[in-house]
Amino acid sequence: MSQKQIIQVFEDYQKSRMHFVQTVADLAARPQNIDILQHAGVMSMLRPLMLDVVPSIQQTAALAVGRLADHSDDLAKVVVKEDILPQLVHSLTLQNRFYKKAAAFVLRAVAKHSPELAQAVVACGGVDALVFCLEEFDPGVKEAAAWALGCIARHSASLSQSVVDAGAVPLLVLCLLEPEMALKRIAASTLSDISKHTPELAQTVVDNGAIAHLAQMILSPDAKLKRQVFSALSQISKHSESLAEMVIEAEIFPAAVACLKDPDEYVKKNVVTLMREVVKHTPELSQMIVSCGGIGVVINYLGNCRGSLRLPGIMMLGYVAAHSENLAMAVILSKGLSQLALCLSEEHEPHIRAATAWSIGQIGHHTPEHAKAVATCDLLSKLLELYMNASSSEDLQAKSKKALKSILQKCTYLPGLEPLLHDVPSNILKHVVGQFSKVLPHDSKARRLFVTSGGLKKLQEIEAEPGSALREHINAINNCYPEDIVRYYSPNYSEVLLAQLEHYQPA
């Protein structure tokens, strides 16, 4: 056999290896092929090819492994079991930029599925290797590494801490300054994932100057970047008043409020989420958002979206209203209750309805004027309906009940209370009747209306235990009327009159 023929054998072998990994990588891109590849034992075949002497074969083998691991946690576990991660991590610091991107993709594909798999990446030195890649010149390598670090950090505070301890944060902040838009997005997203767990982790991000750089990007024309920027600012703001104030001091408002006109619905959602995280801390921070026109634009936002997109806006109104009578009245005057009533009728997810009930309670519990505003929107009946509905979730029932009771204890608007005298459980009814017992003794016009509307008649039909709070309230109301009128509206009064007639002897 000639030298040329011998060399041809090796070239054919190389072509076959290349053809194999390329075909597997292409097949792995289609979900319907994954099970067949897995059952054929593809992972153990790819493992040695990731150490191939030909760089292009290495890279394509890593790409194939990444696509397989990305598909399911079962395949990601196979990557760990086959001991592929250590060789990947070792190669990350030695190979070219194409391999580094492919290797970082594998680490990301494994880490994204669960804290346990992310921990496996950490345990084999993956975080340090990825942070090393953040110092690469090539923006594609930095992007792949930042994305993988985000997938590790998002699972838990301890995993996020491992990313911080490896020195990732200052390098991620530097990535925000890079010209490549994709790199900016991923860096902002990863900083968001790091910040979300604890005040200490968020403080680390702040201490590295992230807020100033994020603030400069809120008017970027790139919607995907703005989504991540507002997400990161929200995750920082949520932990404490001091962190929220640092975000405010970056002068992102009122520019952030203006972003609620953005055509991208997730930009708007993340802006409203940021507002929610800021206002929840103090009345002063709430007032600052209100002064920027925040309430009006959020109410308008609620009218133009549906489903989970509404949730941060619903809660934002509740947090603002919870702080003080004046802030709650600002929500009412901006037609906030009407919009929340629409949310209750249009949304069917229990957690959205529960948040809406909670917010209504925060608005209505301050004074009789606030409670009247809730009652005139017919929200007391809606809250009662949600509380009594057997199909309502436990949380929805609890929040509806709490909101209803807190509003009822302030409500002196009797026309709004009267519908609640009918078919109401006794634990709610005692609060309704209690409010009548406070108002009627001092208001003759209300006493007359209570009779003509049928309220007094209904009151006599209520069965209350002697000595109970409900019975005491009923007695207090009855004492406001002449005894003959109370008897006249009592059940079976006609039978009593007929009985008297039987014993009546005409003169």
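Only helical DSSP H runs with n ≥ 4 go in: add -39500 (n - 2.57) per run for the chain, normalise by residue count and round the 222 nm mean residue ellipticity to 500 deg cm²/dmol.
-22000 deg cm²/dmol
If the chain between residue 87 and residue 284 were fully stretched, how many nm would it gain, using 0.36 nm times the residue separation less the Cα-Cα distance?
Here the answer is 65.5 nm.
Using 0.36 nm per residue, how much length does the chain from residue 346 to residue 216 gain when fully extended, once their Cα-Cα distance is taken away?
Length gained between residue 346 and residue 216: 43.1 nm.
Using only Cα atoms, locate the centre of the stretch 92-124 and the centre of the stretch 412-472, then give the distance between them in Å, rounded to an integer.
67
On alpha-carbon atoms, Rg over Rh for the chain using Kirkwood Rh?
1.21
Can you tell me how much longer the chain between residue 44 and residue 114 gets when fully stretched, taken as 0.36 nm per residue apart minus their C-alpha distance, in nm with one decimal?
That pair, residue 44 and residue 114, stretches by 23.0 nm at full extension.
Pop the C-beta distance of residue 158 and residue 463 into the FRET formula with R0 = 60 Å and round what comes out to the nearest 0.05.
Here the calculated transfer efficiency is 0.55.
Once you put a point 7 Å from the Cα of residue 56 and another 7 Å from the Cα of residue 367, both along the Cβ direction, what distance in nm separates them?
Reported label-point gap for residue 56 and residue 367 is 7.8 nm.
Before anything else, pin down the relative contact order of the stretch 168-252: Cα pairs under 8 Å, at least 6 apart, normalised by residue count, whole percent.
Relative contact order for the stretch 168-252 comes out at 31 percent.
Would you mind pulling out the separation of the Cα centroids of the stretch 202-270 and the stretch 1-20, in Å?
57
Using R₀ = 60 Å, calculate the FRET efficiency as 1/(1 + (r/R₀)^6) where r is the Cβ-Cβ separation of residue 137 and residue 471; round to 0.05.
My answer for the efficiency is 0.15.
Given a Förster radius of 25 Å and the C-beta distance between residue 490 and residue 422 as r, what FRET efficiency does 1/(1 + (r/R0)^6) yield to the nearest 0.05?
After rounding to 0.05, the efficiency reads 0.90.
Just to be sure I understand the model, the point goes 7 Å from the Cα along the line to the Cβ. What's the resulting residue 19 to residue 165 distance in nm?
For the pair residue 19/residue 165, the computed spacing is 4.9 nm.
When only DSSP loop residues count, what chymotrypsin sites (Phe, Trp or Tyr not before Pro) in the stretch 88-187 have their Cβ near at most 10 other Cβ atoms within 10 Å?
137
Can you give me the convex hull volume of the Cα atoms of the stretch 371-427, divided per residue and expressed in Å³?
Looking at the stretch 371-427, the number lands at 74 Å³ per residue.
Using Cα centres only, tell me the gap between the stretch 129-182 and the stretch 336-366 in whole Å.
40
Where a ≥ b ≥ c are the square roots of the eigenvalues of the C-alpha gyration tensor, would you call the stretch 261-411 rounded, which needs a/c under 1.5, or, failing that, prolate if a/b is larger than b/c, or oblate?
Cα axes put the stretch 261-411 in the oblate bin.
How big is the stretch 329-412 along each principal axis, measuring the range of its Cα positions in Å and listing the largest first?
Taking max minus min along each principal axis of the Cα atoms, the stretch 329-412 gives 32, 24, 16 Å.
Mind pulling the angle between the C-alpha long axis of helix 311-323 and the longest principal axis of the chain? Nearest 10 degrees, somewhere in 0 to 90.
50
At 7 Å along the Cα-to-beta-carbon direction for both residue 409 and residue 385, put a label point, then send me their distance in nm to one decimal.
With each label placed 7 Å out from Cα toward Cβ, I get 2.6 nm.
Bear in mind that the values in this text are calculations on the coordinates, not laboratory data. These figures come from a predicted structure and were not determined experimentally. No Cβ is skipped: glycine too gets one built from the backbone with ideal geometry, and neighbour counts run over all protein chains shown.
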